[in-house]
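As structure tokens, the structure follows; a few thoughts come after it.
The values are calculated or read from the model by the stated rules, or taken from the named source; none is laboratory data. Treat the numbers as computed from the prediction; the structure is a model and nothing was measured. Glycine gets a Cβ as well: all are built from the backbone with ideal geometry, and neighbour counts include every protein chain shown. Surface accessibility is based on the protein's heavy atoms, side chains included, excluding ligands, DNA and RNA. Shrake-Rupley method; radii C 1.70, N 1.55, O 1.52, S 1.80 Å.
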Amino acid sequence: MPENIRQKILTKIRCAIEKNKATLTTKPIGYDEKISELIKTIKSTKSQNDENKIIKNYNAERELSSYIFQINKQSRVHAMDFLKDIQYID
């Protein structure tokens, strides 16, 4: 790749990163609390014989998995928007 094209692409990326820094570095509101709460529930109910605790553990594991999947999906959308922004920066 020619150096002038490479530098132009890198400049576009730097501009886009600066423009979107807040979006790219910010976790969703309540992210840490939600993850910590679910992990605490999973740890406290793991290897239990009580049926209610087994169900609670299963539900917490499902909710954690679903939450992480949702956050990852949102991150992919942000990444795609970021890449689109780079294409149109002059």
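Structure notes:
- Residue list for segment 15-28, restricted to those being open to solvent by 100 Å² or more (accessible area, probe 1.4 Å) and either touching a residue at least 40 places away in the same chain (Cβ under 8 Å) or in a loop (DSSP other than H, G, I, E, B) (or both): Lys19, Lys27
- The residue pairs whose first member lies in segment 3-14 and is open to solvent by 60 Å² or more (accessible area, probe 1.4 Å), whose second member is part of a helix (DSSP H, G or I) and not hydroxyl-bearing (Ser, Thr, Tyr), and whose beta carbons are closer than 9 Å, counting only pairs six or more residues apart or on different chains, are Ile9/Ile86.
- The condition (being in contact (Cβ under 8 Å) with a residue 40 or more places away in the chain and either of a type in the set (D, E, K, R) or in a helix (DSSP H, G or I) (or both)) is satisfied by just one residue among Ile86, Ile68, Ile54: Ile86.
- Of all residues making up segment 36-51, the number that are outside any helix (DSSP H, G or I) and aliphatic (A, V, I, L, M): 0
- Taking segment 29-51 as the range and being surrounded by 12 or more Cβ atoms within 10 Å (Cβ to Cβ), without any contact (Cβ under 8 Å) to a residue 12 or more places away in the chain and within 21 Å of Ile71 (Cβ to Cβ) as the test, only Glu37 passes.
- Subset of segment 52-73 [under 21 Å from Thr26 (Cα atoms) and open to solvent by less than 80 Å² (accessible area, probe 1.4 Å)]: Leu64, Ser65, Ser66, Tyr67, Ile68, Ile71, Asn72
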